[in-house]
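J.: Please read through the structure below; I'll follow up with questions.
Coordinate-derived values only; no laboratory data. In this text, all values refer to a predicted model and were calculated from it rather than measured experimentally. Neighbour counts run over all protein chains shown; Cβ positions are idealised from the backbone, glycine included.
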Amino acid sequence: MNNTTIDYADFAEYDRRQRAIERHLVTAFLGGLAVGLTGMLISASGLAWLGQVYDPYAYLALALTVGATASGFGWALVTTFLAAVSTLVSALGASALTGDDAFDVIGGSPTGLNWTLALLVGLGLLAYVTRRQDGWGDVAAGAVGAALIADVVDRATPGFIDSEQSFWPGPAMVVGLASVALVLALRRSTRGRLRALAMSAVFAGLFTVCLGAFVAGWIPLAV
């Protein structure tokens, strides 16, 4: 007779992993609902400076947190998308009750909404990659910082697509410093932090040059 040994510890570990994934999914969904509802309330409150900092950076912070805590790359994609969609659903529902347009709460327009959703999912995936302690993790951390810094440049520079006169200097300085601090926090070694900051500067610089060329008409793209 064959003796079969069953290691119940493996089953227990598998069950713990499944329960952790379920909790992460639920937390991402509820977090999206809370962030979207809060964004709608802030938009309706008339506090322009708070709205400038909250939108889109609270949504980006949610995506980064969900992606960085996912149990795998695929789960980072699923949970970040779930959090983004629940944020949109929450804002749409709350805006319907108040008679406002949800596009003013997230993204500022239908096109801005689509870009925001794509950016949320992309940042969630990058946040997961930052858990790697190698060069790819440094590149991902640099890309995260560049995305935030590039948005600050776009909103703070007159003549750019989403330029806002009141965004400079207060909100821009706060978000810019927070972006640099985030890049430093995502890496654990001094070398990794320096490389991530260098990547952020390079990526943000390239984005700014391309954005400037687009605004000047050198890049004929329709939006």
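J.: Which FRET efficiency, nearest 0.05, do VAL89 and MET173 yield, Cβ-Cβ r, R0 41 Å?
T.: Result of the calculation: an efficiency of 0.80.
J.: Once you sort the root eigenvalues of the Cα gyration tensor of the stretch 134-214 as a ≥ b ≥ c, which label holds: rounded (a/c under 1.5), prolate (a/b larger than b/c) or oblate (the other case)?
T.: Because a/c hits 1.5 or more and a/b fails to exceed b/c, the stretch 134-214 counts as oblate.
J.: Hey, what do the phi angles of the stretch 184-194 turn into as Karplus ³J(HN,Hα) couplings, whole Hz, using 6.51/-1.76/1.60 and θ = phi - 60°, x for Gly and Pro?
T.: 5, 6, 6, 10, 9, 10, 4, 4, x, 5, 5
J.: Counting only other residues whose beta carbon sits under 15 Å from that of ARG187, what net charge do I get with K and R as +1, D and E as -1?
T.: That sum, taken over residues with Cβ under 15 Å, equals +4.
J.: Still on this structure: Would you mind calculating the gained length between ARG132 and TRP49 on full extension (0.36 nm times residue separation, minus the Cα-Cα distance), in nm to one decimal?
T.: The span from ARG132 to TRP49 would gain 26.3 nm if fully extended.
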